[in-house]
């Protein structure tokens, strides 16, 4: 069965504007376009949208984590749900205002979020270090880092393919909030990550 943008919006609580934006940047493409020009989405696209939304929900305030790591501290996580809610508040406000996306902030599994945050922070630090060291985005070391990161995400319950990851990195380049977070960690990191993800997905 195929669904229109309006139907997908109603089912997912994601605005039509946001679905159009995801299409524009290549993050969520319709299964087909009708003769009348309507975007039509199938089960596969609905699952991809669910993955996108889960990724946004589980993403962290990378700026804060990055600052802690730059100060020589390893990110150890937060002790409570309230601390996580506070850490995610700026990102939550931005996503709500820009894309009308509601992040789940109640019922956070603190242990799971800490584990995911540590892994994400370590991955981004490794990528930033590789960029500073002049390692090409197509290097086998980079491929191994991305492969390990995606394996962790998939093991954590997110279904994310190399193409999905490349699409998310393209989204980060288009989105001011996420672009600033990555560029705040290391100038050029968002572009390096996108190039590496595209190369990884192409092989």
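Indicate the gyration tensor shape class of segment 84-198 (rounded, prolate or oblate), computed on the Cα atoms with a ≥ b ≥ c the square roots of the eigenvalues: a/c under 1.5 is rounded; otherwise a/b larger than b/c is prolate and the rest oblate.
In terms of gyration-tensor shape, prolate.
Using only Cα atoms, tell me the angle between helix 189-202 and the longest principal axis of the chain; keep it within 0 to 90° and round to the nearest 10.
60 degrees
Hey, can you rank 189-202, 156-169 by average C-beta count inside 10 Å, highest first?
Numbers: 189-202: 20.1, 156-169: 18.1.
Highest-to-lowest ranking by the protection proxy: 189-202, 156-169.
Most fluctuating residue of 132, 48, 118 in a GNM of the chain with Cα springs under 10 Å: which is it?
Fluctuation is largest for 132.
Counting helices only, and only those DSSP H runs with n ≥ 4, report the 222 nm mean residue ellipticity of the chain as the sum of -39,500 (n - 2.57) divided by its residues, in deg cm²/dmol to the nearest 500.
Per the formula, -21500 deg cm²/dmol.
According to the square roots a ≥ b ≥ c of the eigenvalues of the Cα gyration tensor, what is the shape class of segment 126-185, taking rounded for a/c under 1.5, prolate for a/b larger than b/c otherwise, and oblate for the remainder?
Numbers: a/c = 1.89, a/b = 1.07, b/c = 1.76.
It is oblate, given that a/c is not under 1.5 and a/b is not larger than b/c.
Between the helical axis of 176-185 and the dominant principal axis of the chain, each derived from Cα atoms, what acute angle in degrees is found, rounded to the nearest 10?
That works out to roughly 20 degrees.
Where the centroid of each part is defined by its Cα atoms, how far is segment 26-56 from segment 122-172 in Å?
What the calculation gives is 23 Å, centre to centre.
Mind checking the angle between helix 162-174 and the chain's longest principal axis? C-alpha axes, 0 to 90 degrees, to the nearest 10.
Helix 162-174 and the main axis of the chain meet at about 80 degrees.
When the Cα atoms of the chain are enclosed in a convex hull and the volume is divided per residue, what value in Å³ results?
122 Å³
Quickly work out the residue 139-to-residue 1 label distance, labels modelled 7 Å from Cα along the C-beta direction, and quote it in nm with one decimal.
5.0 nm
Report the Rg/Rh value for segment 1-46, based on alpha-carbon coordinates and the Kirkwood definition of Rh.
0.91
Where a number appears in this text, it was derived from the coordinates with a stated rule and is not lab data. Remember, predicted model here, so these are calculated numbers, not experimental data. Reconstructed Cβ throughout: ideal geometry from the backbone, glycine too, with neighbour counts over all protein chains shown.
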